[in-house]
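The values are calculated or read from the model by the stated rules, or taken from the named source; none is laboratory data. None of the values given here were measured: they were computed from a predicted structure. Cβ sites come from the backbone with ideal geometry, for glycine too, and all protein chains shown count toward neighbours. Accessible surface areas use protein heavy atoms only, side chains included; no ligands, DNA or RNA. Shrake-Rupley method; radii C 1.70, N 1.55, O 1.52, S 1.80 Å.
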Amino acid sequence: MDNISQIIADGKKLAAQSADTLFLQQHITELRTIIRFHEHRYYVMNDPLIADFEFDQLYKALEKAETANPSLITPDSPTQRVGSGVTKQFKTVNHLVPMLSLENSYNAEDLYDWDRKARELSGLQELTYCVEPKFDGASISLIYENDQFTRGATRGDGVAGEDITLNLKQIRSIPLSAPFSQYGIQQIEIRGEVLINKENFRKFNEGLAEQNLPPLANPRNAASGSLRIKDARLVGKRNLEAFIYHIAYMQTSEQHEAIGSHGRGLEILWELGFRSPVHEKKVLNGIDAVIQFCSEYEAKRDELPYEIDGLVIKINELSIQEKLGMTTHHPRWAIAYKFKARQATSRLLQVEFQVGRTGSITPVAKIEPVPIGGVTVASISLHNQDFIRDKNICIGDQLLVERAGDVIPYIVKSFPELRKGDEQTITFPENCPDCHTPLIKPADEAVWRCPNDLCPAQVVERIIHFASKDAMDIRGMGDALVRKFHEKGWLSDIPSIYSLPWDEIRKLDGFGTKSVNNLQEAIEKSKSQPLFRLINALGIRYIGETTAKTLAQAVNHLLDLSRMEKEQLQNIEDVGVKVAESIYQYFRQENNISMLQALESAGLQLNSIKQEQVSDGNLTGKTFLFTGTLFKLKRSEAEAMVEAQGGKILSGVSSKLDYLIVGEDAGSKLEKAKKIASINIMDEDGFLGMVGKKA
Ligand code: AMP
Ligand code: ZN
């Protein structure tokens, strides 16, 4: 090849390459924008537009493109939240502006006093207040510079906190970048609260219970503990959320928009992609309206998905805030209105021992009934022997009990100093309270167990768990009903749920035709629950909902697990030694296998139906057009089937068309298609055969 043609050839190659890179860059940027949009819909707006698995697919596509082209990764790419590694020790960092505490108020009187002082200091007749929830979590401070999230810290002593940037990047309601520059903001320090909602807190404690660990007392402890985990990836699994409610400091260019009021600040934060309490806040004139609002809000407290311990009342105008300034402890322009504490003291009367579904023996404290936050508490879990020892609890002791929202009551502490001398130590039974089998305690565990698999108490608990909401979700099959049917001998094991003697049940007192029919229907419906629910429902030790999902994805059929060695099990994402061992043991037991077979014969779903398989179907890349009247399907249904299997609908006949599906009275489209040899012409039955539906 001569020189000139070499140059031409090289040039062509380079041009093609750079066109590719450009295209790739564009593709990656687009994916990021789409992912950020959906992250925002889900985590900030709480209003997702796509299914979780669809989001996962977008995310995986981005990951794939970036892995192949590491030079195109940017620090604010959604993929950069994860895998940030382990922090040995958190650095101490100074806040740009100190994080102060809030003055507290507990009643209308306190608020009237505070309002009077604020009006005097401001010289105004009436003040406008912005009232918002006092989120009960862990406070954080975030810095953005040139639109990028650069540092996040805990409150610490208010002047300096710990640098937890890597952990905060795991929280998806915190944007990695935000267009502050639109408002002329070059650097900003914003404040907020990280929390874990009640539902996730409950699940988190369930996870601890599965591992025989005592639960955390309240969501606040869970949130602040989570922020200080050394391995950032684990933080991502805690489902933390962040509300951002305060702009503490700004460095702006000359032409910046004056924010004016606190309420406007919240709106700007929201527009920029933060979860600020714009919808939760209320701007009110005068303290009377504020007091009214506070009492209404307190009444609604339990309806919120997360914990709040009060409201914060802030003077809305920033210029007045500035005028009032702050003391060394707290701003004069804000005050917290604290809700009634949900703690009470009561006496421990006796301890009962309950048998769980895995045979674990849980001591339960029976206390003198005491109302806490509108609910009467009479019994509380004592978890295990270690808990009793650590909290120094004896029968007859005064106990401090807390009930955080609708969360299970928890014993905060005992008061040994109040003992009179007739208190008794709590002694553990040596035999199962139900089947009297001698209890055992594995050396590395805190819990005593009944080793008898057929122990009636365990069987009942297993059935209750199987039917519960997060498992097979059999409505109407609660505690009481399971116990009753077990006593009658109708529920001897899990499969017997599917062969209940309905005629007998109909004869029972208190079972109307309607409720029996509903129960029957709920049981029938449970047969088609997805595999992960069944796995969760089995109550295998250490396997909760999350692991159940991973396992369901990893197999085609549940019994695949029975053929896997421990090492293979450990190769499944998130399955560690302990979990692998537990699965392995479960599937080595003959009675478990025969139970699963019985369930399959009863019609339960043991196959794993993977959502990806449906969307990435056999029609991927194929194009379709329908013409004429279809008989078995509506046009829209037929089109949806094509799309569900990865095909595409075209609007007209062209050489790009692969299939023309012809119904009755097809017209010009059919004529045109006949002239293009590459188009397959097919009738409705042919189409149904192709998409795997019987004609
Ligand atoms: P305290 O710790 O009781 O002095 O209350 C002050 C703390 O309340 C602050 O440090 C924040 O962490 C927290 N807080 C929760 N929600 C808000 C809110 N909407 N505005 C201000 N502070 C809040
Ligand atoms: Zn037993």
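Dipole magnitude of the chain about its Cα centre, charges +1 at Lys/Arg Cβ and -1 at Asp/Glu Cβ only, in debye to the nearest 20?
Here the chain has a charge dipole of around 480 debye.
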P(r) tail fraction, the chain - alpha-carbon pairs more than 44 Å apart, %
42
Quick one: net charge around residue 146, please, counting Lys, Arg +1 and Asp, Glu -1 for every other residue with C-beta under 15 Å from its C-beta.
-3
By average Cβ neighbour count within 10 Å, what is the ranking of 328-339, 36-47, 421-432 from highest down?
328-339, 36-47, 421-432
Among 292, 46, 207, flag the residue with its Cα farthest along the positive direction of the charge dipole of the chain, charges on Cβ as +1 for Lys/Arg and -1 for Asp/Glu.
207
Around residue 105, which amide H atoms from residues at least 5 apart in sequence, or from another chain, sit under 5 Å from its own amide H, with H modelled in the peptide plane?
336, 337, 338
Could you tell me how far the Cα centroid of segment 367-406 sits from the Cα centroid of segment 650-695, in Å?
71
Can you give me the pair-distance distribution of segment 81-215, C-alpha pairs, 10 Å bins, whole percents?
10, 26, 31, 22, 9, 2
FRET efficiency, residue 279 to residue 435 (Cβ-Cβ, R0 56 Å, nearest 0.05)
0.55
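In this model, which of 484/578; 366/514; 198/488; 117/413; 64/578; 622/674 are farther than 28 Å apart at the alpha-carbon?
Numbers: 484/578 35 Å; 366/514 37 Å; 198/488 37 Å; 117/413 39 Å; 64/578 31 Å; 622/674 18 Å.
Going by Cα-Cα distance, 484/578; 366/514; 198/488; 117/413; 64/578 fall outside the 28 Å limit.
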Radius of gyration and Dmax for segment 484-606's Cα atoms, expressed in Å?
16.8, 53
What is the local net charge at residue 70, summed over the other residues whose Cβ is closer than 14 Å to its Cβ (Lys, Arg +1; Asp, Glu -1)?
-1
Taking only the alpha carbons of segment 579-695, what extent do you get along each of the three principal axes, in Å, biggest first?
66, 27, 21
Restricting attention to segment 433-504, which GluC sites (Glu not before Pro) occupy a DSSP loop and are surrounded by at most 15 other Cβ atoms within 10 Å?
445
When the charge dipole of the chain is computed with +1 at the Cβ of Lys and Arg and -1 at the Cβ of Asp and Glu, the Cα pointing farthest to the positive end, of 496, 442, 476, is that of 496
Estimated vicinal HN-Hα couplings, Hz - segment 233-247 in sequence order (Karplus 6.51, -1.76, 1.60; Gly, Pro = x):
4, 5, 4, x, 7, 8, 6, 7, 10, 10, 9, 10, 10, 8, 9
Principal axis box of segment 8-133, alpha-carbon based, largest edge first, Å
84, 38, 30
Simple spin-label model, 7 Å along Cα-to-Cβ: residue 354 to residue 199 in nm?
2.4
Which cross-chain or sequence-distant (5 or more) residues have an amide H under 5 Å from the amide H of residue 248, H modelled 1.01 Å from N in plane?
189, 190, 191
Counting only protein heavy atoms and a 1.4 Å probe, tell me what percentage of the chain's accessible area is made up of carbon and sulfur.
50
Percent of Cα-Cα distances greater than 19 Å, calculated over segment 536-599:
20
With N denoting the number of residues in segment 504-573, provide Rg(C-alpha) divided by 2.2 N^0.38 Å, to two decimal places.
1.58
Could you give the accessible area per residue of segment 301-370, probe 1.4 Å, as a whole number in Å²?
44
Measuring from label point to label point, each 7 Å out along Cα→Cβ, what is the residue 13 to residue 631 span in nm?
6.1
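Roughly how many debye, to the nearest 20, is the charge dipole of segment 1-146 about its Cα centre, given +1 on each Lys and Arg Cβ, -1 on each Asp and Glu Cβ, and no other charges?
The dipole of segment 1-146 has a size of about 600 debye.
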At q = 0.16, 0.17, 0.27, 0.28 Å⁻¹, what log₁₀ I(q)/I(0) does a Debye calculation on the Cα points of segment 420-486 give, no solvent, two decimals?
-0.72, -0.77, -1.09, -1.12
How large are Rg and Dmax for segment 627-667 when only the alpha carbon atoms are used, in Å?
10.5, 28
Taking segment 131-189 as the region of interest, what is the percent of Cα-Cα pairs per 5 angstrom bin, listed from the shortest bin to the one with the maximum distance?
4, 17, 23, 22, 19, 13, 1
Could you give me the ³J(HN,Hα) list for segment 552-561, computed from phi with Karplus coefficients 6.51, -1.76, 1.60 and θ = phi - 60°, whole Hz, x at Gly and Pro?
4, 6, 7, 10, 9, 9, 3, 6, 4, 5
Run the reach check for residue 282 against lysines, Cα to Cα strictly under 19 Å, same-chain hits fewer than 8 apart removed. What comes back?
134, 300, 314, 338
Sequence of 279, 465 when ordered by accessible area, the most exposed leading, probe 1.4 angstrom
279, 465
Find the cysteines in the chain that fail to meet the 4.7 Å Cβ criterion with every other cysteine, and list them.
130, 294, 394
At a Cα cut-off below 18 Å, give the aspartates and glutamates reachable from residue 669, other chains included and same-chain residues fewer than 8 away excluded.
639, 658, 683, 684
Whole-Å semi-axes of the ellipsoid equivalent to segment 64-124 (Cα gyration tensor, √5λ, descending)
50, 16, 13
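If you take every DSSP beta bridge fully contained in the chain, what fraction is antiparallel? Give it as a percent rounded to 5. Spell out each step's value before the answer.
Details: 76 of 88 bridges.
Here the share of antiparallel DSSP bridges comes out near 85 percent.
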Computed FRET efficiency, Cβ-Cβ of residue 298 and residue 239, R0 35 Å: what is it to the nearest 0.05?
0.85
Based on DSSP H runs of at least 4 residues, each adding -39500 (n - 2.57), what is the mean residue ellipticity at 222 nm of the chain after dividing by all its residues, to the nearest 500 deg cm²/dmol?
-11000 deg cm²/dmol
Report the gain in length on full extension from residue 327 to residue 419: 0.36 nm times residue separation, minus Cα-Cα distance, nm rounded to one decimal.
28.8 nm
When the Karplus curve 6.51 cos²θ - 1.76 cosθ + 1.60 is applied with θ = phi - 60°, which whole-Hz ³J(HN,Hα) does each residue of segment 298-305 get, with x for Gly and Pro?
4, 5, 8, 3, 6, 6, 6, x
Under a 5 Å amide H to amide H cut-off, with H placed in plane at 1.01 Å, what residues pair with residue 149 once short-range neighbours are removed?
177, 178
According to the Kirkwood expression over distinct Cα-Cα pairs, how big is the hydrodynamic radius of segment 159-254, in Å?
15.1
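Anything over 23 Å Cα to Cα? Flag those among 391/469; 632/675; 91/230; 169/340, in the order listed.
Working: 391/469 33 Å; 632/675 28 Å; 91/230 12 Å; 169/340 34 Å.
Over 23 Å Cα-Cα: 391/469; 632/675; 169/340.
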Could you tell me the extents of segment 346-485's C-alpha atoms along the three principal axes, largest first, rounded to whole Å?
46, 38, 26
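Could the peptides 409-417, 132-140, 548-556 be put in order, highest first, of the mean number of other beta-carbon atoms found within 10 Å of their residues?
132-140, 548-556, 409-417
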